Amino acid sequence: MTKKIQRNEIMDKIMSLSKRRGFIFQSSEIYGGMNSCWDYGPLGVELKRNLKNTWWRDVITSRSNVVGMDAGILMHPKVWIASGHVENFHDPLVDCLDCKTRFREDKAPHKFKCTKCKLKFRVEGGKIITNKKFEEAFDDLNASEVGVYFNSDCPNCKTESSIVLDKIGCPNCGSPNLSAPKQFNLMFKTHYGPSEDSASEIYLRPETAQGIFVNFNNVANSMRGKLPFGIGQIGKAFRNEITTGNFIFRSREFEQMEMEFFIKDEENAKWYDYWINERFEWYKKIGIKEENLRLRKHENDELAHYARACTDVEYKFPFGWSELEGIADRRNYDLEQHIKESGKKLSVFDNDTDQHIVPSVIETSAGVDRTMLTILSDAYWEDQANNRVVLSLSPEIAPIKVAVFPLVNRDNMPEIAEKIYDDISKNMAAFYDKAGSIGRRYRRQDEAGTPFALTVDSQTLEDGTVTLRERDSLEQTRVAKDKVVAVLIEKIGK
RNA sequence: GCGGGUGUAGUUCAGUGGUAGAACACCAGCUUCCCAAGCUGGAUAUGAGGGUUCGAUUCCCUUCACCCGCUCCA
(Lines give C-alpha, C1' and ligand atoms only; values in the text may rest on other atoms or scores of the structure.)
Protein backbone atom coordinates (compact mmCIF):
# COMPACT_ATOMS: atom_id res chain seq x y z
CA MET A 1 0.00 0.00 0.00
CA THR A 2 2.63 2.49 1.00
CA LYS A 3 4.67 1.24 -1.89
CA LYS A 4 1.95 2.13 -4.36
CA ILE A 5 1.63 5.63 -3.01
CA GLN A 6 5.36 6.13 -3.22
CA ARG A 7 5.49 4.94 -6.80
CA ASN A 8 2.88 7.42 -7.87
CA GLU A 9 4.63 10.17 -6.05
CA ILE A 10 7.83 9.56 -7.93
CA MET A 11 6.06 9.54 -11.29
CA ASP A 12 4.20 12.69 -10.32
CA LYS A 13 7.43 14.37 -9.38
CA ILE A 14 9.06 13.42 -12.64
CA MET A 15 6.06 14.69 -14.60
CA SER A 16 5.98 17.90 -12.66
CA LEU A 17 9.71 18.46 -13.06
CA SER A 18 9.44 17.69 -16.77
CA LYS A 19 6.89 20.41 -17.20
CA ARG A 20 8.51 22.90 -14.85
CA ARG A 21 11.89 22.71 -16.50
CA GLY A 22 10.74 22.29 -20.07
CA PHE A 23 11.45 18.64 -20.75
CA ILE A 24 8.01 17.34 -21.60
CA PHE A 25 4.61 19.01 -22.02
CA GLN A 26 1.22 17.58 -22.65
CA SER A 27 0.20 17.85 -26.27
CA SER A 28 -2.32 20.54 -27.22
CA GLU A 29 -2.60 21.53 -23.60
CA ILE A 30 -4.48 24.78 -24.24
CA TYR A 31 -7.26 22.73 -25.85
CA GLY A 32 -7.55 20.40 -22.91
CA GLY A 33 -4.82 18.02 -23.93
CA MET A 34 -4.67 14.93 -26.13
CA ASN A 35 -4.92 11.52 -24.60
CA SER A 36 -1.37 10.31 -24.00
CA CYS A 37 0.26 12.57 -26.54
CA TRP A 38 3.30 14.46 -25.35
CA ASP A 39 5.53 17.19 -26.69
CA TYR A 40 9.20 17.66 -25.92
CA GLY A 41 10.19 21.12 -24.74
CA PRO A 42 13.53 22.94 -25.00
CA LEU A 43 15.43 20.70 -22.60
CA GLY A 44 13.54 17.55 -23.62
CA VAL A 45 14.37 17.93 -27.26
CA GLU A 46 18.08 18.37 -26.50
CA LEU A 47 18.10 15.33 -24.26
CA LYS A 48 16.30 13.31 -26.90
CA ARG A 49 18.61 14.42 -29.66
CA ASN A 50 21.62 13.54 -27.55
CA LEU A 51 20.11 10.15 -26.80
CA LYS A 52 19.41 9.43 -30.44
CA ASN A 53 22.83 10.68 -31.52
CA THR A 54 24.47 8.39 -29.00
CA TRP A 55 22.50 5.41 -30.26
CA TRP A 56 23.24 6.34 -33.86
CA ARG A 57 26.95 6.61 -33.15
CA ASP A 58 27.19 3.46 -31.03
CA VAL A 59 25.01 1.22 -33.19
CA ILE A 60 25.68 2.63 -36.65
CA THR A 61 28.54 5.00 -37.40
CA SER A 62 31.08 3.42 -35.08
CA ARG A 63 30.60 0.05 -36.80
CA SER A 64 31.95 -0.72 -40.21
CA ASN A 65 29.20 -3.23 -40.93
CA VAL A 66 26.13 -1.23 -39.94
CA VAL A 67 24.59 1.59 -41.97
CA GLY A 68 21.67 3.89 -41.39
CA MET A 69 18.65 4.88 -43.38
CA ASP A 70 15.46 6.84 -43.02
CA ALA A 71 12.32 5.44 -44.61
CA GLY A 72 9.01 7.26 -44.84
CA ILE A 73 6.18 6.88 -42.42
CA LEU A 74 3.79 6.29 -45.32
CA MET A 75 4.40 3.10 -47.22
CA HIS A 76 2.71 0.93 -49.81
CA PRO A 77 -0.30 -0.87 -48.27
CA LYS A 78 1.10 -4.20 -49.36
CA VAL A 79 3.99 -3.79 -46.97
CA TRP A 80 1.62 -4.35 -44.09
CA ILE A 81 -0.10 -7.27 -45.75
CA ALA A 82 3.28 -8.92 -46.22
CA SER A 83 4.44 -8.17 -42.72
CA GLY A 84 1.30 -9.69 -41.27
CA HIS A 85 0.16 -6.51 -39.57
CA VAL A 86 -3.09 -6.26 -41.52
CA GLU A 87 -4.08 -9.74 -40.52
CA ASN A 88 -2.58 -10.11 -37.10
CA PHE A 89 -2.20 -6.68 -35.64
CA HIS A 90 -5.39 -6.59 -33.70
CA ASP A 91 -6.71 -7.88 -30.45
CA PRO A 92 -10.09 -9.48 -29.94
CA LEU A 93 -11.22 -8.42 -26.50
CA VAL A 94 -14.17 -9.46 -24.37
CA ASP A 95 -15.70 -7.73 -21.38
CA CYS A 96 -17.06 -9.58 -18.40
CA LEU A 97 -20.47 -8.00 -17.84
CA ASP A 98 -20.38 -8.89 -14.17
CA CYS A 99 -16.96 -7.99 -12.85
CA LYS A 100 -16.19 -5.56 -15.72
CA THR A 101 -12.75 -6.86 -16.46
CA ARG A 102 -11.60 -6.97 -20.04
CA PHE A 103 -9.43 -9.73 -21.35
CA ARG A 104 -8.29 -11.32 -24.55
CA GLU A 105 -10.89 -13.87 -25.43
CA ASP A 106 -8.44 -16.54 -26.39
CA LYS A 107 -6.78 -16.38 -23.01
CA ALA A 108 -9.86 -17.52 -21.13
CA PRO A 109 -10.93 -21.14 -21.03
CA HIS A 110 -14.25 -21.57 -22.85
CA LYS A 111 -16.44 -24.65 -22.74
CA PHE A 112 -19.42 -24.94 -25.05
CA LYS A 113 -22.17 -27.48 -25.53
CA CYS A 114 -25.01 -28.16 -27.91
CA THR A 115 -28.44 -28.14 -26.30
CA LYS A 116 -29.62 -30.93 -28.65
CA CYS A 117 -26.89 -33.46 -29.26
CA LYS A 118 -24.14 -34.47 -26.91
CA LEU A 119 -21.51 -32.27 -28.47
CA LYS A 120 -19.21 -30.56 -26.02
CA PHE A 121 -16.01 -28.77 -26.77
CA ARG A 122 -13.72 -26.22 -25.27
CA VAL A 123 -11.61 -23.46 -26.73
CA GLU A 124 -8.35 -22.73 -25.09
CA GLY A 125 -5.46 -20.66 -26.31
CA GLY A 126 -6.94 -20.44 -29.80
CA LYS A 127 -7.46 -24.19 -30.17
CA ILE A 128 -10.65 -26.23 -30.28
CA ILE A 129 -10.39 -29.28 -28.10
CA THR A 130 -13.01 -31.98 -28.31
CA ASN A 131 -13.23 -35.71 -28.18
CA LYS A 132 -12.48 -37.63 -31.34
CA LYS A 133 -16.08 -38.48 -31.99
CA PHE A 134 -16.89 -34.92 -33.04
CA GLU A 135 -13.61 -33.92 -34.61
CA GLU A 136 -14.86 -33.66 -38.19
CA ALA A 137 -17.62 -31.25 -37.31
CA PHE A 138 -15.08 -28.49 -36.71
CA ASP A 139 -13.25 -28.56 -40.01
CA ASP A 140 -14.58 -25.21 -41.18
CA LEU A 141 -14.51 -23.32 -37.93
CA ASN A 142 -11.97 -20.77 -36.94
CA ALA A 143 -10.77 -21.59 -33.49
CA SER A 144 -9.35 -18.17 -32.83
CA GLU A 145 -12.74 -16.47 -32.85
CA VAL A 146 -14.28 -17.76 -29.70
CA GLY A 147 -17.16 -15.29 -29.86
CA VAL A 148 -18.69 -16.93 -32.91
CA TYR A 149 -19.81 -19.92 -30.89
CA PHE A 150 -22.34 -18.06 -28.81
CA ASN A 151 -25.78 -19.02 -30.17
CA SER A 152 -24.24 -20.54 -33.29
CA ASP A 153 -25.55 -23.56 -35.14
CA CYS A 154 -24.30 -26.90 -33.95
CA PRO A 155 -21.55 -28.12 -36.25
CA ASN A 156 -22.52 -31.70 -35.43
CA CYS A 157 -26.31 -32.02 -35.46
CA LYS A 158 -26.86 -28.74 -37.38
CA THR A 159 -29.55 -27.50 -35.04
CA GLU A 160 -29.90 -23.73 -35.28
CA SER A 161 -28.60 -21.57 -32.47
CA SER A 162 -28.12 -24.53 -30.24
CA ILE A 163 -24.61 -23.88 -29.06
CA VAL A 164 -24.48 -22.40 -25.60
CA LEU A 165 -21.74 -21.74 -23.22
CA ASP A 166 -21.37 -24.64 -20.86
CA LYS A 167 -18.73 -23.37 -18.55
CA ILE A 168 -16.61 -20.30 -18.71
CA GLY A 169 -14.82 -18.14 -18.86
CA CYS A 170 -14.06 -14.90 -17.19
CA PRO A 171 -10.52 -15.42 -15.92
CA ASN A 172 -11.23 -13.08 -13.08
CA CYS A 173 -14.65 -13.91 -11.60
CA GLY A 174 -15.63 -17.00 -13.58
CA SER A 175 -18.87 -15.50 -14.84
CA PRO A 176 -20.23 -16.73 -18.21
CA ASN A 177 -21.88 -13.36 -18.73
CA LEU A 178 -19.61 -11.88 -21.39
CA SER A 179 -19.92 -9.31 -24.12
CA ALA A 180 -19.39 -10.19 -27.76
CA PRO A 181 -15.72 -9.86 -28.68
CA LYS A 182 -14.62 -6.60 -30.22
CA GLN A 183 -11.81 -6.33 -32.74
CA PHE A 184 -9.32 -3.56 -32.24
CA ASN A 185 -7.07 -2.88 -35.20
CA LEU A 186 -3.99 -1.21 -33.90
CA MET A 187 -2.90 0.47 -37.12
CA PHE A 188 -3.71 4.10 -37.87
CA LYS A 189 -5.53 4.48 -41.15
CA THR A 190 -5.45 7.53 -43.33
CA HIS A 191 -6.28 8.54 -46.88
CA TYR A 192 -3.50 8.88 -49.38
CA GLY A 193 -4.61 11.75 -51.59
CA PRO A 194 -6.58 14.93 -51.07
CA SER A 195 -10.01 13.56 -51.88
CA GLU A 196 -11.18 11.02 -49.38
CA ASP A 197 -13.47 9.01 -51.63
CA SER A 198 -11.02 8.48 -54.45
CA ALA A 199 -7.89 8.21 -52.34
CA SER A 200 -6.58 4.87 -51.29
CA GLU A 201 -6.60 3.91 -47.69
CA ILE A 202 -3.14 3.49 -46.23
CA TYR A 203 -1.59 3.09 -42.82
CA LEU A 204 0.83 5.05 -40.73
CA ARG A 205 3.66 2.65 -40.05
CA PRO A 206 3.23 0.70 -36.81
CA GLU A 207 6.97 0.01 -36.69
CA THR A 208 10.04 1.29 -38.46
CA ALA A 209 11.47 -2.16 -39.16
CA GLN A 210 9.54 -2.79 -42.37
CA GLY A 211 11.07 0.30 -43.96
CA ILE A 212 14.38 -1.46 -43.60
CA PHE A 213 13.21 -4.81 -44.94
CA VAL A 214 11.59 -3.37 -48.06
CA ASN A 215 14.77 -1.41 -48.79
CA PHE A 216 16.96 -4.42 -48.27
CA ASN A 217 18.10 -4.69 -51.89
CA ASN A 218 18.67 -0.97 -52.28
CA VAL A 219 20.83 -0.75 -49.22
CA ALA A 220 22.66 -4.03 -49.75
CA ASN A 221 23.51 -3.08 -53.34
CA SER A 222 24.56 0.49 -52.69
CA MET A 223 26.73 -0.38 -49.70
CA ARG A 224 28.00 -3.65 -51.25
CA GLY A 225 26.81 -5.43 -48.12
CA LYS A 226 28.40 -8.72 -47.16
CA LEU A 227 26.93 -10.75 -44.33
CA PRO A 228 26.80 -10.03 -41.56
CA PHE A 229 25.66 -6.44 -41.86
CA GLY A 230 23.10 -4.22 -40.22
CA ILE A 231 20.71 -1.44 -41.18
CA GLY A 232 19.50 0.94 -38.53
CA GLN A 233 16.84 3.58 -38.42
CA ILE A 234 15.27 6.04 -36.00
CA GLY A 235 11.76 7.26 -36.58
CA LYS A 236 8.20 7.70 -35.52
CA ALA A 237 5.71 4.86 -35.46
CA PHE A 238 2.01 4.84 -34.67
CA ARG A 239 -0.24 2.35 -32.95
CA ASN A 240 -3.81 2.72 -31.87
CA GLU A 241 -3.15 1.12 -28.54
CA ILE A 242 -6.17 0.10 -26.55
CA THR A 243 -4.57 1.27 -23.38
CA THR A 244 -1.98 3.93 -23.10
CA GLY A 245 -0.45 5.57 -20.12
CA ASN A 246 2.32 5.84 -17.61
CA PHE A 247 3.32 9.25 -18.89
CA ILE A 248 5.40 8.80 -22.05
CA PHE A 249 5.86 5.08 -21.52
CA ARG A 250 3.09 4.00 -23.85
CA SER A 251 1.60 6.41 -26.32
CA ARG A 252 0.03 6.08 -29.73
CA GLU A 253 2.71 8.10 -31.46
CA PHE A 254 6.18 7.03 -30.47
CA GLU A 255 9.71 6.88 -31.73
CA GLN A 256 11.80 3.80 -32.31
CA MET A 257 15.48 3.11 -32.71
CA GLU A 258 15.64 -0.12 -34.65
CA MET A 259 18.45 -2.06 -36.21
CA GLU A 260 18.14 -5.17 -38.34
CA PHE A 261 21.31 -7.23 -38.38
CA PHE A 262 21.38 -9.62 -41.33
CA ILE A 263 23.24 -12.86 -40.82
CA LYS A 264 23.68 -16.36 -42.07
CA ASP A 265 21.04 -18.43 -40.37
CA GLU A 266 23.50 -20.83 -38.80
CA GLU A 267 25.12 -17.95 -36.93
CA ASN A 268 21.89 -16.85 -35.27
CA ALA A 269 22.78 -17.92 -31.73
CA LYS A 270 26.10 -16.13 -31.80
CA TRP A 271 24.73 -12.81 -33.05
CA TYR A 272 21.64 -13.00 -30.88
CA ASP A 273 23.83 -13.28 -27.78
CA TYR A 274 26.16 -10.64 -29.11
CA TRP A 275 23.44 -8.04 -29.57
CA ILE A 276 21.76 -8.80 -26.26
CA ASN A 277 25.02 -8.05 -24.58
CA GLU A 278 25.79 -4.98 -26.68
CA ARG A 279 22.42 -3.44 -26.05
CA PHE A 280 22.41 -4.19 -22.34
CA GLU A 281 25.83 -2.63 -21.93
CA TRP A 282 24.72 0.41 -23.90
CA TYR A 283 22.12 1.36 -21.33
CA LYS A 284 24.77 1.24 -18.63
CA LYS A 285 26.98 3.37 -20.83
CA ILE A 286 24.43 6.15 -21.14
CA GLY A 287 24.33 6.28 -17.37
CA ILE A 288 21.49 3.96 -16.33
CA LYS A 289 22.17 2.23 -13.02
CA GLU A 290 22.87 -1.43 -13.50
CA GLU A 291 20.69 -2.49 -10.58
CA ASN A 292 17.69 -1.01 -12.38
CA LEU A 293 18.32 -2.99 -15.55
CA ARG A 294 17.74 -6.63 -16.32
CA LEU A 295 17.31 -9.00 -19.22
CA ARG A 296 14.20 -11.08 -19.55
CA LYS A 297 13.97 -13.95 -22.00
CA HIS A 298 10.58 -14.50 -23.59
CA GLU A 299 8.88 -17.77 -22.86
CA ASN A 300 7.94 -19.84 -25.88
CA ASP A 301 4.25 -19.05 -25.51
CA GLU A 302 4.81 -15.31 -25.71
CA LEU A 303 6.99 -15.39 -28.81
CA ALA A 304 5.58 -14.09 -32.05
CA HIS A 305 4.99 -16.97 -34.43
CA TYR A 306 7.92 -16.04 -36.65
CA ALA A 307 10.42 -15.43 -33.86
CA ARG A 308 12.91 -18.01 -32.75
CA ALA A 309 13.84 -16.16 -29.60
CA CYS A 310 13.41 -12.80 -27.99
CA THR A 311 14.94 -11.11 -24.99
CA ASP A 312 13.84 -7.84 -23.49
CA VAL A 313 15.97 -5.28 -21.79
CA GLU A 314 13.82 -4.19 -18.88
CA TYR A 315 14.05 -1.20 -16.59
CA LYS A 316 12.73 -0.85 -13.08
CA PHE A 317 10.38 2.08 -13.58
CA PRO A 318 8.61 3.69 -10.63
CA PHE A 319 5.58 1.63 -11.71
CA GLY A 320 7.51 -1.63 -12.00
CA TRP A 321 9.77 -3.58 -14.33
CA SER A 322 8.91 -2.89 -17.95
CA GLU A 323 10.30 -3.38 -21.40
CA LEU A 324 12.71 -0.90 -22.90
CA GLU A 325 14.03 -2.79 -25.87
CA GLY A 326 13.48 -6.15 -27.50
CA ILE A 327 16.25 -8.15 -29.12
CA ALA A 328 14.65 -10.73 -31.39
CA ASP A 329 15.80 -13.52 -33.62
CA ARG A 330 13.26 -13.17 -36.44
CA ARG A 331 14.77 -15.81 -38.74
CA ASN A 332 14.25 -14.65 -42.33
CA TYR A 333 10.52 -14.30 -41.89
CA ASP A 334 10.20 -10.67 -42.94
CA LEU A 335 12.33 -10.90 -46.07
CA GLU A 336 10.57 -14.11 -47.12
CA GLN A 337 7.20 -12.46 -46.65
CA HIS A 338 8.20 -9.53 -48.84
CA ILE A 339 9.62 -11.89 -51.43
CA LYS A 340 6.27 -13.65 -51.54
CA GLU A 341 4.17 -10.51 -51.66
CA SER A 342 6.31 -8.47 -54.06
CA GLY A 343 7.67 -11.26 -56.22
CA LYS A 344 11.11 -9.66 -56.01
CA LYS A 345 14.31 -11.31 -54.96
CA LEU A 346 15.65 -10.13 -51.64
CA SER A 347 18.89 -11.93 -51.12
CA VAL A 348 22.65 -11.63 -51.00
CA PHE A 349 25.24 -13.72 -52.71
CA ASP A 350 27.28 -15.86 -50.40
CA ASN A 351 30.78 -16.46 -51.74
CA ASP A 352 31.40 -19.35 -49.37
CA THR A 353 28.63 -21.47 -50.79
CA ASP A 354 28.21 -19.76 -54.19
CA GLN A 355 24.54 -19.33 -53.47
CA HIS A 356 22.01 -16.58 -53.13
CA ILE A 357 20.68 -16.65 -49.62
CA VAL A 358 17.87 -14.86 -47.86
CA PRO A 359 19.57 -13.85 -44.65
CA SER A 360 18.15 -14.26 -41.20
CA VAL A 361 17.94 -11.26 -38.97
CA ILE A 362 18.58 -10.28 -35.39
CA GLU A 363 16.53 -7.22 -34.57
CA THR A 364 17.22 -4.70 -31.84
CA SER A 365 14.14 -2.58 -31.31
CA ALA A 366 14.26 0.17 -28.74
CA GLY A 367 11.76 2.82 -27.74
CA VAL A 368 13.12 6.36 -27.71
CA ASP A 369 10.40 7.73 -25.47
CA ARG A 370 10.71 4.83 -23.05
CA THR A 371 14.40 5.42 -22.87
CA MET A 372 13.71 9.08 -22.16
CA LEU A 373 11.49 8.10 -19.26
CA THR A 374 14.16 5.67 -18.11
CA ILE A 375 16.80 8.37 -18.19
CA LEU A 376 14.64 10.81 -16.28
CA SER A 377 13.55 8.29 -13.63
CA ASP A 378 17.03 6.96 -13.19
CA ALA A 379 18.61 10.39 -12.89
CA TYR A 380 16.05 11.88 -10.51
CA TRP A 381 16.93 12.13 -6.85
CA GLU A 382 16.35 14.40 -3.93
CA ASP A 383 19.42 15.60 -2.09
CA GLN A 384 17.97 16.06 1.36
CA ALA A 385 21.25 17.21 2.87
CA ASN A 386 21.51 20.11 0.47
CA ASN A 387 17.81 20.67 0.01
CA ARG A 388 17.77 20.23 -3.73
CA VAL A 389 16.31 18.16 -6.54
CA VAL A 390 18.92 16.78 -8.90
CA LEU A 391 18.85 15.10 -12.29
CA SER A 392 22.11 13.20 -12.46
CA LEU A 393 22.18 12.94 -16.22
CA SER A 394 25.38 11.68 -17.73
CA PRO A 395 27.34 14.60 -19.22
CA GLU A 396 27.14 13.08 -22.66
CA ILE A 397 23.36 13.23 -22.89
CA ALA A 398 22.64 16.20 -20.61
CA PRO A 399 20.75 18.92 -22.52
CA ILE A 400 22.97 21.64 -21.13
CA LYS A 401 26.60 20.75 -20.50
CA VAL A 402 27.67 23.77 -18.56
CA ALA A 403 26.17 26.87 -16.98
CA VAL A 404 28.13 30.10 -16.67
CA PHE A 405 27.48 32.57 -13.85
CA PRO A 406 28.93 35.78 -12.57
CA LEU A 407 29.09 35.44 -8.80
CA VAL A 408 27.66 38.93 -8.40
CA ASN A 409 26.41 41.45 -10.91
CA ARG A 410 29.16 43.98 -10.64
CA ASP A 411 32.90 44.54 -10.95
CA ASN A 412 32.80 43.48 -14.58
CA MET A 413 31.96 39.90 -13.63
CA PRO A 414 28.88 39.67 -15.91
CA GLU A 415 30.90 40.86 -18.88
CA ILE A 416 33.68 38.35 -18.25
CA ALA A 417 31.15 35.56 -17.76
CA GLU A 418 29.31 36.45 -20.94
CA LYS A 419 32.54 36.29 -22.87
CA ILE A 420 33.30 32.85 -21.46
CA TYR A 421 29.77 31.75 -22.30
CA ASP A 422 30.19 32.94 -25.88
CA ASP A 423 33.37 30.92 -26.27
CA ILE A 424 31.94 27.78 -24.76
CA SER A 425 28.66 27.85 -26.62
CA LYS A 426 30.50 27.50 -29.90
CA ASN A 427 31.58 24.06 -28.67
CA MET A 428 28.72 22.74 -26.59
CA ALA A 429 25.31 23.53 -25.19
CA ALA A 430 25.86 26.15 -22.50
CA PHE A 431 23.62 28.40 -20.44
CA TYR A 432 24.21 31.85 -19.03
CA ASP A 433 22.36 33.08 -15.95
CA LYS A 434 22.89 36.09 -13.73
CA ALA A 435 19.47 36.29 -12.06
CA GLY A 436 19.17 35.63 -8.33
CA SER A 437 21.62 34.38 -5.77
CA ILE A 438 24.37 32.03 -6.82
CA GLY A 439 22.82 29.18 -4.83
CA ARG A 440 19.52 29.61 -6.57
CA ARG A 441 21.19 29.48 -9.95
CA TYR A 442 23.02 26.28 -9.01
CA ARG A 443 19.70 24.73 -7.92
CA ARG A 444 18.03 25.60 -11.19
CA GLN A 445 20.76 23.86 -13.11
CA ASP A 446 20.67 20.83 -10.79
CA GLU A 447 17.05 20.30 -11.79
CA ALA A 448 17.90 20.67 -15.45
CA GLY A 449 20.61 18.03 -15.11
CA THR A 450 23.46 20.36 -16.08
CA PRO A 451 26.61 18.57 -14.95
CA PHE A 452 28.95 21.56 -14.65
CA ALA A 453 28.80 25.19 -13.66
CA LEU A 454 31.46 27.88 -14.06
CA THR A 455 31.43 30.89 -11.79
CA VAL A 456 33.32 34.11 -12.33
CA ASP A 457 34.33 35.58 -8.97
CA SER A 458 36.77 38.10 -7.53
CA GLN A 459 39.66 35.71 -7.93
CA THR A 460 38.91 35.62 -11.65
CA LEU A 461 39.70 39.32 -11.72
CA GLU A 462 43.05 38.63 -10.12
CA ASP A 463 44.36 35.45 -11.70
CA GLY A 464 41.95 34.62 -14.55
CA THR A 465 40.68 31.36 -13.08
CA VAL A 466 37.03 30.45 -12.61
CA THR A 467 35.29 28.03 -10.26
CA LEU A 468 34.20 24.76 -11.83
CA ARG A 469 31.41 23.22 -9.81
CA GLU A 470 30.31 19.62 -10.29
CA ARG A 471 26.62 18.89 -10.01
CA ASP A 472 26.57 15.60 -8.12
CA SER A 473 29.48 16.02 -5.72
CA LEU A 474 29.23 19.82 -5.34
CA GLU A 475 33.00 19.84 -5.57
CA GLN A 476 34.67 23.02 -6.72
CA THR A 477 37.98 23.38 -8.47
CA ARG A 478 39.62 26.29 -10.19
CA VAL A 479 40.32 26.33 -13.89
CA ALA A 480 42.01 28.96 -16.00
CA LYS A 481 39.29 30.62 -18.05
CA ASP A 482 41.04 30.06 -21.35
CA LYS A 483 41.31 26.33 -20.60
CA VAL A 484 37.69 25.69 -19.65
CA VAL A 485 36.61 24.44 -23.05
CA ALA A 486 39.35 21.84 -23.16
CA VAL A 487 38.72 20.78 -19.58
CA LEU A 488 35.01 20.44 -20.17
CA ILE A 489 35.44 18.46 -23.37
CA GLU A 490 37.64 16.06 -21.50
CA LYS A 491 35.17 15.71 -18.65
CA ILE A 492 32.23 15.18 -20.95
CA GLY A 493 34.32 12.54 -22.61
CA LYS A 494 33.26 12.62 -26.21
C1' G B 1 -12.73 0.69 -24.18
C1' C B 2 -14.48 -0.93 -18.83
C1' G B 3 -14.11 0.04 -13.38
C1' G B 4 -12.20 3.38 -9.49
C1' G B 5 -9.98 8.17 -8.31
C1' U B 6 -8.64 13.38 -9.56
C1' G B 7 -9.07 18.32 -12.18
C1' U B 8 -8.23 25.83 -8.59
C1' A B 9 -1.56 30.19 -10.67
C1' G B 10 4.48 27.46 -13.50
C1' U B 11 4.43 23.68 -9.23
C1' U B 12 2.19 21.80 -4.65
C1' C B 13 -2.13 22.76 -2.16
C1' A B 14 -6.27 25.84 0.57
C1' G B 15 -11.22 27.76 0.10
C1' U B 16 -16.31 29.64 -0.91
C1' G B 17 -23.73 29.63 -3.94
C1' G B 18 -21.98 36.55 -3.75
C1' U B 19 -14.51 40.51 -4.86
C1' A B 20 -10.45 33.25 -5.22
C1' G B 21 -5.81 32.63 -0.97
C1' A B 22 -0.95 30.57 0.50
C1' A B 23 3.86 28.47 -0.12
C1' C B 24 7.57 27.70 -3.46
C1' A B 25 8.75 29.10 -8.49
C1' C B 26 8.83 33.33 -12.04
C1' C B 27 9.73 38.82 -13.61
C1' A B 28 11.81 43.95 -12.32
C1' G B 29 14.74 46.75 -8.88
C1' C B 30 17.78 46.97 -4.45
C1' U B 31 21.08 44.02 -1.65
C1' U B 32 24.53 40.03 -2.01
C1' C B 33 31.94 37.45 -2.84
C1' C B 34 29.83 30.27 -3.59
C1' C B 35 25.00 26.77 -2.77
C1' A B 36 16.90 27.81 -2.69
C1' A B 37 19.16 34.47 2.42
C1' G B 38 16.73 39.46 2.73
C1' C B 39 13.77 44.01 1.17
C1' U B 40 10.32 46.52 -2.41
C1' G B 41 7.19 46.01 -6.41
C1' G B 42 4.82 42.83 -10.26
C1' A B 43 2.41 39.14 -13.59
C1' U B 44 -0.23 34.54 -13.50
C1' A B 45 -5.50 30.00 -12.00
C1' U B 46 -11.09 27.59 -11.01
C1' G B 47 -9.84 21.96 -17.91
C1' A B 48 -14.17 22.71 -21.68
C1' G B 49 -19.46 23.10 -22.78
C1' G B 50 -24.38 23.21 -21.07
C1' G B 51 -28.17 23.38 -17.06
C1' U B 52 -30.35 25.16 -12.20
C1' U B 53 -29.95 30.17 -9.93
C1' C B 54 -30.71 37.18 -9.30
C1' G B 55 -25.70 35.18 -9.05
C1' A B 56 -21.92 28.87 -10.08
C1' U B 57 -15.11 27.87 -9.11
C1' U B 58 -18.77 25.61 -5.58
C1' C B 59 -24.89 22.07 -7.10
C1' C B 60 -26.45 18.94 -11.61
C1' C B 61 -25.42 16.94 -16.66
C1' U B 62 -22.11 16.17 -20.70
C1' U B 63 -17.30 16.24 -22.38
C1' C B 64 -11.93 16.42 -22.15
C1' A B 65 -7.53 15.23 -19.62
C1' C B 66 -4.50 12.89 -15.87
C1' C B 67 -3.59 8.82 -12.21
C1' C B 68 -4.52 3.48 -10.62
C1' G B 69 -6.31 -1.41 -12.27
C1' C B 70 -7.66 -4.80 -16.55
C1' U B 71 -4.89 -5.38 -21.36
C1' C B 72 -0.93 -4.62 -24.72
C1' C B 73 3.73 -3.49 -26.28
C1' A B 74 8.78 -0.11 -28.37
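The A:GLU490 and A:GLU253 beta-carbon pair, evaluated with R₀ = 41 Å, returns a calculated FRET efficiency of approximately 0.60. For the range A:363-440, with all protein chains in place and a probe radius of 1.4 Å, 48% of the accessible heavy-atom surface sits on carbon or sulfur.
By the gyration tensor of its Cα atoms, with a ≥ b ≥ c the square roots of the eigenvalues, what is the shape of the range A:400-493: rounded for a/c under 1.5, prolate for a/b over b/c, or oblate? Here the range A:400-493 falls in the rounded category. With protein chains left intact and a 1.4 Å probe, residues in the range A:202-257 average 34 Å² of accessible area per residue. Solvent exposure of the range A:400-493, expressed per residue, is 48 Å² of accessible area, with all protein chains present and a 1.4 angstrom probe.
Full extension of the segment from A:ASN277 to A:LYS226, taken as 0.36 nm per residue of separation minus the current Cα-Cα distance, would add 16.1 nm. Here r is the Cβ-Cβ distance between A:SER195 and A:ASN218 and R0 is 35 Å; the resulting FRET efficiency, rounded to 0.05, is 0.65. Between A:LYS345 and A:CYS37, the simple spin-label model (points 7 angstrom out along Cα→Cβ) gives 4.6 nm. Packing order of peptides A:208-220, A:435-447, highest average first: A:208-220, A:435-447 (average count of other Cβ atoms within 10 Å over each peptide's residues). Please check which bits of the range A:447-471 a label hung off A:VAL408 would reach, taking the label as a point 7 Å along Cα-to-C-beta and the cut-off as backbone N under 19 Å. What the label zone holds, given the 19 Å backbone N cut-off, is A:455-467.
Per-residue extension of 0.36 nm, minus the Cα-Cα distance of A:THR61 and A:HIS76, leaves a gain of 2.5 nm for this segment. In this calculation the C-beta distance from A:GLU475 to A:ASP354 is compared with R0 = 60 Å, giving a FRET efficiency of 0.40.
The values are calculated or read from the model by the stated rules, or taken from the named source; none is laboratory data. Model, not experiment: these values are computed from the prediction. Methodologically, a virtual Cβ is constructed for each residue, glycine included, from the backbone with ideal geometry; neighbour enumeration extends over all protein chains shown. With ligands, DNA and RNA removed, areas are computed over all heavy atoms of the protein, side chains included. Shrake-Rupley method; radii C 1.70, N 1.55, O 1.52, S 1.80 Å.
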